[in-house]
1. What residues qualify as long-range amide H neighbours of B:Arg299, i.e. H under 5 Å apart, gap of 5 or more or another chain, H built at 1.01 Å from N?
2. Please report, in whole Å, how far the alpha carbons of region A:62-265 spread along each principal axis, starting with the longest.
3. At a Cα cut-off below 19 Å, give the lysines reachable from A:Lys329, other chains included and same-chain residues fewer than 8 away excluded.
4. What FRET efficiency, computed as 1/(1 + (r/R0)^6) with R0 = 30 Å and r the Cβ-Cβ distance, is obtained for B:Gln282 and B:Ala104, rounded to the nearest 0.05?
5. Grab the Cα-Cα distance for A:Leu381 and A:Arg199, subtract it from 0.36 nm times how many residues apart they are, and report the gain in nm with one decimal.
6. Straight-line reach from B:Lys310: which lysines fall under 25 Å, measuring Cα to Cα and dropping same-chain residues less than 8 apart?
7. Full extension from B:Gln397 to B:Asp409: what is 0.36 nm times the residue separation minus their Cα-Cα distance, to one decimal in nm?
8. Under a point spin-label approximation (7 Å from Cα along Cα-to-Cβ), what is the A:Ala272-A:Leu389 distance to one decimal in nm?
Amino acid sequence: MSFRILFSSLRRHSLMPLLVLLQVMLACAILCNVLFLTWQQLEPMLAPSGVDGDDLILVDRLNPPERAWTAAEVQAGTAALQAVPGVRAVSAALGLPMVASYVNMRAYRGPTGAVVGVNDYEGYDLLDTLGLELVGGRNFLPAEYRDMGSDQGKGVPEPVIITQSLARQWFGDASPLGRTLRFPGVEKGPGSVVVGVVRHLLRNRMNVATNGRADNTVLLPERVAKTWWLFYAVRVDPSMRMAALRGVRKAIQRQFGALLPAGSKPRAEFYATRRAAVFKSQRAALWLFAGVALTVVVVTVIGIMGLTGFWVQKRTRQIGVRRALGARKADILRYFLAENALIVGIGVVLGMGLAYLGNAWLMHVYELQRLPWRFLPCGALLMLLLGQLAVLSPALRAARVPPVVATRAA
Amino acid sequence: MFRYSFELAALGLRRFPKSTVLVVLTVALGLAACMTTLTLLHVLSADPLPGRSQDLYLAWVDTVLAKPSNAGADVMALNGWKTTNYHNIKLGDAQALLTARRAARQTVVADMEADEVADDGRRAQNQQVVLATTSDFIPMFGVILRHGRDWTPAEDAARTPVAVIDTGLAQKLFGTANAVGRSVRLKHTLFRVVGVIEPFAPQPRFYALGTGAYSSDGGENLYLPYTAALDAGLSPYDADGCDASYKSSNTSDFDPARCASLGLWVQLDAPAQVSAYRRFLQDYVERQKALAGFDKKPRSALTGVADWLKQNDVVPDSARLNVWLAGSFLLLCMLNVAGLLSARFLRRSGEVGMRRALGAPRRAVFLQHVLESGLACLAGGVLALPLTLLGLWILRQQGNDFAGLAHLDPAMFATLFMLALAVGALVGLLPAWRVSVVEPGLQVKSE
């Protein structure tokens, strides 16, 4: 069957195909943008955290009394937690994954000039306590740790452990080990030196954990000393998880309870619990967007089905004639599928353009990220499939039209 | 003729109930999506203090003794954190500008965090936000007193520990709304309650954005003279910047004498007063000799409430984005319905041709079909109301700080009604025109 027949038939009855085309165009544009928004919510949730979270307890909300916690109190807290049966490792820390109440921010410049904003986690031996997987280099040496806020290590490059993703962003395929990083705008001084690379480490500022920035996190060799903020990461024995959690809560209460200001309740929870809480709003948004996408899809499918159904009905006699002239059922079916593919095809091409323009305009007006091009074919393909699905039942009905219809007056 | 057309339209709706239901549902979905997002935007961008906000201005002079630096801001921007400047000023400037009394009314505001303990020590509210301000705040912002009085300028000057609390806090701490005469302990100072007010929670909380623009559960519940608050050892929650000489021991503890942490609001009733005050501020900052050597241009600003909210992007972009998304979805629904209606109307071509042949004017056919689509869309509008309420309920479950405000009000209800009518008329035009141009003779022949 030639495309000429298809086209001429479309030209003669232009209202119905035009309405389908407009619908597809708009639906495609909306769908591309909604898919993108959905992905932005999904991306931090899907990003590997790098943390061995099953047996990890995080402690936060240790509000200080009207003065800072002293280094001795921090130390005593660590010791008390270590003494809890079932506890394997304890790190006092500043900045922990899934603890959004305290976020350390830095930026480093690599040798090529690439500046990347990172979150950093600080604390003694966090690498082991968090259960991170080292893929290159080494952990910090005990001698490399510095007391937070002190002058220790001044003039010596600060060792730093980075993630694989950061290594790629700063050093490409070259080995990052032993290379220097600097703060942007700071040319002189010892800078920082990369001593280790971990596979993954999810940052704790979630709303920028998108577009490949989820792993922009570094570990620093800082020992928590005098501090207004205090967190603990506690690794426990898998066989004693619940007992250890109870023990940790008791130890925290015993150690800090008397000093905490009235009404503050320290929190000790498993990593998975914290993760669920952190992603709560993301999950809610995800359901919302999924609902929107589904509604758009359903409305479009119904629209295409209704229009094509009517159109098939209108052309019953024409189909009968074609059947009488020797067209097989499959030919009729194929004709309607092809016709739909053509209309929807033009619709999605226009729709992709509209999605792109719409996004560009929204980006201009609001703080919105650019719609990555890969969402355009995704939306387009989805629309094409939906179009074929929607036309299937009317097309099958058309294929069932008996040739004898041709002899009847419509 | 109208009545006849109307009857025909109603009859037409009943003839293909399945497609009528589809049309009504689609219209309802589109309208509900649009109304849900519009309602949220409407709530978020509403005037926080109708009738007063146009006379209120935030005055700012930049007297922080530090060289301007962007290093910190850049790091924050790289990590997706917006740096803000809430136009706070230092204590010395606040006092100087307050005593100058160049405006009809003037007050300073600063949010502070404190545990509120009842005088008998039996009940307490921990980690609450209190507003340190002056006696002008209550008349200036139109706060409604329920019991007792507001404090006086003399009590401000004498640094008297007095407080005004809202009925919610009075109930929680003292078990009664009339708590005048009781006291609340903040840190180690007892503040005597002189007045009880209706809960005051304009949305957005434009006067102190540092602790969040929207708060579903209110914000401050206790108001006290800032002089007495500082005496009691409370300190501002938030600051824009501190003198270079100031070394903070704690990231959330600011010395107001050396950190810009107080917001100065003035009431100016006429444009002439506004320009005069603007000049006064600029003169004030240009007279500051201490600023020499910090590479700073003398900067001041006087910002009205509406501009202030705009300048700080208080209405989240996502709310506007959602309106655009929902708007395009409504358009999609309208196209869809136009298609469904076209199919439905053209199915009756034969019948219409017959009517035309029997002498019905084109106008009558057109009217009948526009009415039919209008009726369907009106039904959709009615169904959209419960769907919008459902949509708003879903929004409230989203758990961000402003979603809790999403409720339908009469204005938005009227908008919904108008929107449904407009959609109904628009969507019916094309199909009704298409069916009204059906040729009488031809149809009779071919069908």
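1. Here the answer is B:Asp62, since their amide H atoms fall under 5 Å of that of B:Arg299.
2. If we take the Cα atoms of region A:62-265, the spans are 51, 37, 34 Å.
3. A:Lys314
4. Working: r = 20 Å, r/R0 = 0.66.
Computed FRET efficiency for B:Gln282 and B:Ala104 comes out at 0.90.
5. Details: separation 182, 0.36 × 182 = 65.52 nm, distance 3.41 nm.
Length difference between fully extended and current span is 62.1 nm.
6. The reachable lysines, counting only those whose Cα sits under 25 Å from B:Lys310, are B:Lys82, B:Lys90, B:Lys297.
7. Numbers: separation 12, 0.36 × 12 = 4.32 nm, distance 1.89 nm.
Length gained between B:Gln397 and B:Asp409: 2.4 nm.
8. Simple spin-label model gives 3.3 nm for this pair.
Just so you know, all these numbers are worked out from the coordinates, no wet-lab data involved. What you are looking at is a predicted structure, and each value in this text was computed from that prediction instead of being measured. Glycine also receives a Cβ, built like all others from the backbone with ideal geometry; neighbour counts cover every protein chain displayed.
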